[in-house]
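Quick notes on the structure that follows.
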């Protein structure tokens, strides 16, 4: 178990965003410094190389001017003495070659009489250059300064006498010092590279921890939410994208917590609404069963009450199924082009007998020929539920006015009554499921507490809005706004 736990910890570490940021930061710094190191080393190498060329060429040109009359007039001893002493001062080997490439004088007195095919000599004698410089890896036939040299520099300049070109002055110099200087620079840069890499690693770890700290905190918060604690919130401390992420998470958490409270309240309310008619029916049924001598009038009354409770139970279940289909997007919209004016009038006529039975005045003020794209049955349900609701909560002899008109690109449906009204503190909740302003009166009227919630869902499905204005004792006005130009058809 310990081994498995350690393996998982390692996997989480190497797969974490902090580790990835650290590696990315380190790679960027290392690559940048590596490129800088290469460029800087090349620049130093070129600088030292060019400086050596200028220094050797300048010294050799001055010496060539001194050697020219000695070589031209055959002053052998003086020429030999000059080459030996100058070679010692320069720290290398000096040779004088004629125009045929034959070595006439050698400060080391070893190669006199031999011909040289060094590229630097050929560049002057054959190509007509005045000077040439090069660094070579030695072979057995090359001119050396001392035994053991692996690389040597050749600097050649033209010897010019009074009659023209006399030959070539060749300077052979060891480059161990130059190579050592370059190696020293490379070592120092390598040490600096290692130091920078270590510093970059430390800095990247610091910044990755700094950057991932709010992410890790948010992850822990999400894990707590995953275990059921919907009250946790992320601390908004950083800025930019991380702040936006935390704020969006908190907004989502609040919505989830609100939905969870709503769900719990919904389950509680639904259980209560279903339990109440079941309890009532059980009591009535027990009275009928255990009182065989019950008068027929009372038995019929009890059975009628049971039938009423069954109808109410059926209405609650039906409304719950409708809301469930809405929540799961399984309630299909069958949109067609329809005459909303005719739909409203036909629906209101169905409720006329109910209004006449209670002596209520049901008035229609419907503008003709209002056409829109919508689901006829669902629009009928919106009109029916709102009007029936107004009839229920308006006393006998009251007045209900249904108005339909066009305002801009919207159809405005309003249902106004002069009934009991709705207290201001309840108006924000009346579209919630099972919410009742007066529970006892609502049940007496046969309502399920789901009608207005269904209406709001149906209005939303049509892209519209619904609002309410009411004062206790003065009645209520429900206003539905439906778009006529429906782009979601």
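The values are calculated or read from the model by the stated rules, or taken from the named source; none is laboratory data. Remember, it's a predicted structure, so these values are computed and weren't measured experimentally. Here Cβ is always computed from backbone atoms with ideal geometry, including for glycine, and neighbour counts include all displayed protein chains.
To keep it simple, each residue is scored yes or no on (1) outside the structural domain of residue 203 (by TED's automatic domain parsing); (2) under 24 Å from residue 103 (Cβ atoms); (3) surrounded by 14 or more Cβ atoms within 10 Å (Cβ to Cβ); (4) touching a helix residue (DSSP H, G or I) at 6+ places or on another chain (Cβ under 6 Å).
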{"position": "32", "(1), (2), (3), (4)": "no, no, no, no"}
{"position": "38", "(1), (2), (3), (4)": "no, no, no, no"}
{"position": "49", "(1), (2), (3), (4)": "yes, no, yes, no"}
{"position": "57", "(1), (2), (3), (4)": "yes, yes, yes, no"}
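If residue 96 satisfies all but one of (1) surrounded by fewer than 20 Cβ atoms within 10 Å (Cβ to Cβ); (2) under 15 Å from residue 157 (Cβ atoms), what's the number of the condition it fails?
Tallying (1) surrounded by fewer than 20 Cβ atoms within 10 Å (Cβ to Cβ); (2) under 15 Å from residue 157 (Cβ atoms), residue 96 fails exactly one: (1).
So that you can scan it fast, the table gives a plain yes or no per residue for (1) modelled with pLDDT of 75 or more; (2) in a strand (DSSP E or B); (3) out of contact with any strand residue (DSSP E or B) (no Cβ under 7 Å at 6 or more places or on another chain):
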{"residue": "411", "(1), (2), (3)": "yes, yes, no"}
{"residue": "433", "(1), (2), (3)": "no, no, yes"}
{"residue": "477", "(1), (2), (3)": "yes, yes, no"}
{"residue": "489", "(1), (2), (3)": "no, no, no"}
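Quick one: is residue 348 modelled with pLDDT of 80 or more, part of a helix (DSSP H, G or I) and either under 55 Å from the mean Cα position of the chain (by Cα) or in the same structural domain as residue 474 (by TED's automatic domain parsing) (or both)?
Yes; evaluated as a whole, the condition is true for this residue.
For residue 354, are the conditions met, namely being touching a strand residue (DSSP E or B) at 6+ places or on another chain (Cβ under 6 Å) and surrounded by 14 or more Cβ atoms within 10 Å (Cβ to Cβ)?
For residue 354, the condition - touching a strand residue (DSSP E or B) at 6+ places or on another chain (Cβ under 6 Å) and surrounded by 14 or more Cβ atoms within 10 Å (Cβ to Cβ) - is not met.
If I filter segment 183-192 for residues that are under 30 Å from residue 92 (Cα atoms) and either in contact (Cβ under 8 Å) with a residue 12 or more places away in the chain or crowded, with 16+ Cβ neighbours inside 10 Å (or both), do I get at least one hit?
yes
Looking for whichever is at pLDDT 85 or above, surrounded by 20 or more Cβ atoms within 10 Å (Cβ to Cβ) and within 20 Å of residue 64 (Cβ to Cβ) here; the options are 143, 121. Which one fits?
Being at pLDDT 85 or above, surrounded by 20 or more Cβ atoms within 10 Å (Cβ to Cβ) and within 20 Å of residue 64 (Cβ to Cβ) holds for just one of 143, 121, which is 121.
Assess whether residue 175 counts as being buried (at least 16 other Cβ atoms within 10 Å of the Cβ), touching a helix residue (DSSP H, G or I) at 6+ places or on another chain (Cβ under 9 Å) and under 30 Å from residue 72 (Cα atoms).
The answer is no for residue 175.
Within segment 98-115, track down each residue that is touching a helix residue (DSSP H, G or I) at 6+ places or on another chain (Cβ under 9 Å) and under 20 Å from residue 174 (Cα atoms).
Answer for segment 98-115, where residues must be touching a helix residue (DSSP H, G or I) at 6+ places or on another chain (Cβ under 9 Å) and under 20 Å from residue 174 (Cα atoms): 105, 106, 107, 108, 109.
Take residue 416 and decide whether it is in contact with a strand residue (DSSP E or B) (Cβ under 7 Å, 6 or more places away or on another chain) and modelled with pLDDT under 85.
Considered against the rule, which asks whether it is in contact with a strand residue (DSSP E or B) (Cβ under 7 Å, 6 or more places away or on another chain) and modelled with pLDDT under 85, residue 416 comes out as no.
List every residue pair whose Cβ atoms sit under 6 Å apart, with the two residues 6 or more apart in sequence or on different chains, where the first one lies in segment 366-386 and is farther than 12 Å from residue 482 by Cα and the second, anywhere, is assigned to a helix (DSSP H, G or I) and at pLDDT below 90.
Close Cβ pairs (under 6 Å, with a partner that is assigned to a helix (DSSP H, G or I) and at pLDDT below 90) amount to 378/458; 385/451; 385/455.
Can you name the residue in segment 359-404 that is under 19 Å from residue 469 (Cβ atoms) and assigned to a strand (DSSP E or B) and, of all such residues, is nearest to the chain's Cα centre (by Cα)?
404
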